Amino acid sequence: MSQLTDQELHNLAMNIVGKDLEEQGYEFLGVNSDFKKDPQFVALRDKKLHFVVVRAIEYPHDPRDIDMIFLETVKEQALKFDARTFYAGVGLANSKDYELPVMSSEDYVVNYPGLKEI
């Protein structure tokens, strides 16, 4: 039983957001699962380009809190492509005890408030 790495937490968040985007009818043009490269998803919906930045947020941090200074650089890049920019914070916590880290062999709780346009 091991604690999930930053990349594993990020991959988990990517899967949650990717499934949500699929259900909303987004068509993926690019997916970048490296948590140090933004945006993670470049997708089309209604013939409009969308950039989606995904962040895995561990408890006790709030997935709705957004680092606007950082996201401004992504938004500037998106505007060059006439794209809309979204933030998807995915809160993750150990389901047995929120104070413990998310572990590979234990259940977890997800707090995903959905996409927020920047």
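Read the figures in this text as sums done on the coordinates, not as results from a lab. Everything numeric here is computed off the predicted structure, so don't read it as measured data. All Cβ positions, even for glycine, are placed from backbone atoms using ideal geometry, and neighbour counts span all protein chains on display.
DSSP loop chymotrypsin sites (Phe, Trp or Tyr not before Pro) in segment 1-103 with at most 14 other Cβ atoms within 10 Å of their Cβ, which ones?
Hits after loop and neighbour filter: Phe81, Tyr98.
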Rounded to the nearest 500, what is the 222 nm mean residue ellipticity of the chain from helices alone, with -39500 (n - 2.57) per DSSP H run of 4+ residues and division by all residues? -8500 deg cm²/dmol
Segment 6-117, dipole about Cα centre (Lys/Arg Cβ +1, Asp/Glu Cβ -1), debye to the nearest 20: 500 debye
Take the Cα coordinates of the chain, assign each an equal point scatterer, and use the Debye formula without solvent to give log10 I(q)/I(0) at q = 0.13, 0.15 Å⁻¹. -0.50, -0.65
